[in-house]
Amino acid sequence: MSAPENDTVATAEATSDAVLPRTGGSGDPALPDADDASSDAVVEPVDIEDVDDAEDIDDAEDDESLLVREGDVAGDYLERLLDILDVDGDIDLDVEGDRASVAVVGGQLKTLIGPDGATLEALQELTRLAVAQSTGVRSRLMLDIGGYRAKRRADLTALAAEAAERVATSGQPERLAPMNPFERKVVHDVVAAAAGVRSESEGEEPNRRVVVLPDA
């Protein structure tokens, strides 16, 4: 994607304006001293497992809240970016597993995808930076535009399954074409679920690739 220099400056300003106030909490108030002469001083024993469960629930809720906030920040950032670039598109927000998911749909979005998804990857990094600036936490947010990643995931799933079957049958390793981190993870996940094979990555970006090997 090529954009005028003033668009780049405006994009950076949109990123810097994305900072949101952080919330804070305070500790529990101190408990009063027990009155030994009072029957009210009897304290019920605490079930440690109940405490652990409650903490786990609180942690899960905090994680989900952070992911929702990441999606909101990303959505605002991308809306401003689309306005700057004068591109029509709707933004869908979701949470998938342990990461926020944002999709730009509708309109003429090919210029935002770029050859082999290169522009999409760059926009994802910009969006992650905007989110990290706002939340203070490194973001693993996933951005899709025009359904490109969804289609690519389906194609890679089929490709990885076929490669795994060939390697399991022949016993010979097979090197796949260079892929970005998202694509490599899709392949690794498919191979991990197949019997008799394993996978690893080799090489340096942007030529890093997945190698499918027989399981020793």
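Please quote Rg/Rh for the stretch 75-216 to two decimal places, taking the Kirkwood radius as Rh and restricting both calculations to Cα atoms.
When Rh is taken as the Kirkwood radius, the ratio is 1.04.
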- Query: For the stretch 98-143, what's the radius of gyration and Dmax over Cα atoms, in angstrom?
  - Reply: 11.5, 33
- Taking a probe of 1.4 Å, how large is the accessible area per residue of the stretch 111-200, in Å²? 50 Å²
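The values are calculated or read from the model by the stated rules, or taken from the named source; none is laboratory data. These numbers were taken from a predicted model, which means no experiment stands behind them. These accessible areas exclude ligands, DNA and RNA; they are computed on the full protein's heavy atoms, side chains included. Shrake-Rupley method; radii C 1.70, N 1.55, O 1.52, S 1.80 Å.
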